[in-house]
Amino acid sequence: MIGGQKAGVDAQEYALMDAAEDGMWWYRALHARILAELPEHGRLLDAGCGTGGFLRRLREARPGLELSGIEYRPEAARRAAEKSGAAVIAGSINALPHPPRSFDVVVSLDVLCHAAVEEAMALGELRRVLRPGGLLVLNLPALPWLTSAHDRRVHTARRYTRAGIAALLARTGFVDIRARYWNSLLLPLMVLQRKLLARRADAPSDVMRFPPWLDSLLFAATRLESWLERRGIVFPAGGSVLATARRP
């Protein structure tokens, strides 16, 4: 899920993503979170759509949305179009080929953090292609101290805090900014996995198939977390940070 001018995600990581994103607990939890933020109708761009898993989920869950995607590697863009049926092109999030004010919603999931992405330039482009009042939805890896072999494997250059991404969006000219941590209940397990069990420099990424019982258990933890949030619980930290904002 990337969109930069330099080297993108390794082909091996694209293959892992393609195989896992329809079933792995992490993707199911992420997609449910993002869907909850989206309208029923309008034009949507998935900026850095990877191999198209979220676009396919959108096609099923939001049939009233007109879907587009962009992904850096042409082979991944082709796979995303094939998987989702959306209009997907190869290109860079640093220089989007779309006209100004083209979209009602722009979604970008774990892309701004990538080493190939010029942060300020990319945010400016996301703002440019949104119509006035349009919605931006970002998901990003959280907590700089959580950097691990997984991040190096997928070329993550930046992890974010809630306050940091809110300030960055404000500087870019967005309004109605809301940022919150999630994947909080599982944060202790993430620390154990990334800082102790898989701390070797050559450790693989965390994208993989889990035993069904474990996958179900991890997904259930994310559902419990969402239930607690709906009852007013605000988590002070988490493995990811989700931010929404609007173009004025």
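Quick notes on this one:
- Of all residues making up region 7-44, the number that are out of contact with any Asp or Glu (no Cβ under 9 Å at 6 or more places or on another chain) and hydrophobic (A, V, I, L, M, F, W, C): 12
- Within region 28-44, residues that are part of a strand (DSSP E or B) reach partners that are of a type in the set (D, E, K, R) with beta carbons closer than 6 Å, at six or more positions or on different chains, in the pairs Gly42/Asp104; Arg43/Glu66; Arg43/Asp104.
- Only strands (runs of 3 or more DSSP E) whose full extent lies in region 79-158 are considered here, and none of them has at least 1 residues that are at pLDDT below 95 and crowded, with 18+ Cβ neighbours inside 10 Å.
- Residue within region 32-39 that is modelled with pLDDT of 95 or more, of a type in the set (A, V, I, L, M) and in contact with a strand residue (DSSP E or B) (Cβ under 8 Å, 6 or more places away or on another chain) present: yes
- Residue match in region 197-212 (condition: modelled with pLDDT of 95 or more, part of a loop (DSSP other than H, G, I, E, B) and of a type in the set (Gly, Ala, Ser)): no
- Arg127 vs. criteria within 18 Å of the chain's Cα centre (by Cα) and either among the hydroxyl-bearing types (Ser, Thr, Tyr) or within 30 Å of Pro236 (Cβ to Cβ) (or both): yes
- Subset tally (residues that are of a type in the set (S, T, N, Q) and buried (at least 24 other Cβ atoms within 10 Å of the Cβ)) for region 49-78: 1
The values are calculated or read from the model by the stated rules, or taken from the named source; none is laboratory data. None of these values were measured; they are calculated from a predicted model. Because the Cβ atoms are built from the backbone with ideal geometry, glycine has one as well, and the counts that use them run over all protein chains shown.
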